[in-house]
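J.: Take a look at this one; I'll ask things after.
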Amino acid sequence: MYIYDVQIRTRYNETDKMGVIYHANYINYYEIARTEMLRNTGVYSYSEMESDGIMMPVVEIQSRYILPAYYDENLTVRVIIKEMPTAKITFYYEIFNEKQELLNTGMTVLAFMNSVNHRPCRPPQKLINCLKEVLL
């Protein structure tokens with residue numbers, strides 16, 4: 001299992017009229033966390049992966065809201081990879097507030113897709129090599 005934490009300060013434009021972080025912003029937090037986690041493992045960025053002919057569309061997403069987050073809170077977004085990817089990779093998320101209260105849990109599944117023929121493909125070997133080091 002590989003776990004990586006990212007700090008995100010909530011912004012005013014992410015709130016609704018009640019001062020609560022709007023629910024769709026959690027999906028953005030997931031993306032920020034997994035992008036930073038991939039960078040941390042030594043894997044190239046999404047744009048580099050795409051230039052190598054591999055795209056990663058989101059094919060499934062789940063989000064469970066437990067407690068609200070508010071404007072100007074510093075959130076910890078934890079992203080977790082539990083298993084080696086195949087033609088898909090699953091990311092799990094936990095979001096905590098400054099009091100370490102669990103606010104949200106989530107999961108996304110991204111597929112590896114050849115950018116030329118739009119068919120499923122294997123993950124890049126560079127990703128596999130990096131994940132072998134942190135998952136085993």
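J.: Counting only residues that are surrounded by 16 or more Cβ atoms within 10 Å (Cβ to Cβ) and among the hydroxyl-bearing types (Ser, Thr, Tyr), which one in the range 45-69 is modelled with the lowest pLDDT?
T.: Only one residue fits best here, namely TYR46.
J.: With (1) surrounded by 11 or more Cβ atoms within 10 Å (Cβ to Cβ); (2) more than 16 Å from PRO85 (Cβ to Cβ) as the list, and ARG9 as the residue in question, which single condition is left unmet?
T.: (1)
J.: Looking at the range 89-136, which of its residues are buried (at least 19 other Cβ atoms within 10 Å of the Cβ), among the β-branched types (Val, Ile, Thr) and without any contact (Cβ under 8 Å) to a residue 60 or more places away in the chain?
T.: The answer is ILE89, and nothing else.
J.: Please work out which one of (1) in contact with a Phe, Trp or Tyr (Cβ under 7 Å, 6 or more places away or on another chain); (2) over 16 Å from GLN7 (Cβ atoms) is the condition TYR93 fails and give its number.
T.: The single condition TYR93 does not satisfy is (2).
J.: Could I ask something else about it? Only residues that are within 15 Å of GLN7 (Cβ to Cβ) and more than 12 Å from the chain's Cα centre (by Cα): list them for the range 26-42, please.
T.: ASN40
J.: Taking the conditions exactly as written (in contact with a Cys (Cβ under 8 Å, 6 or more places away or on another chain), closer than 25 Å to VAL134 by Cα and surrounded by fewer than 16 Cβ atoms within 10 Å (Cβ to Cβ)), does GLY42 satisfy them or not?
T.: Against the criterion (in contact with a Cys (Cβ under 8 Å, 6 or more places away or on another chain), closer than 25 Å to VAL134 by Cα and surrounded by fewer than 16 Cβ atoms within 10 Å (Cβ to Cβ)), GLY42 qualifies.
J.: Scan the range 43-54 and give yes if some residue there is within 13 Å of the chain's Cα centre (by Cα) and aromatic (Phe, Trp, Tyr), otherwise no.
T.: yes
J.: If you scan the range 110-123, which residues turn out to be touching a strand residue (DSSP E or B) at 6+ places or on another chain (Cβ under 6 Å) and closer than 19 Å to GLU36 by Cβ?
T.: Passing the criteria: only LEU110.
The values are calculated or read from the model by the stated rules, or taken from the named source; none is laboratory data. What you are looking at is a predicted structure, and each value in this text was computed from that prediction instead of being measured. Cβ coordinates were reconstructed from backbone atoms using ideal geometry, including for glycine residues, and neighbour counts include every protein chain displayed.
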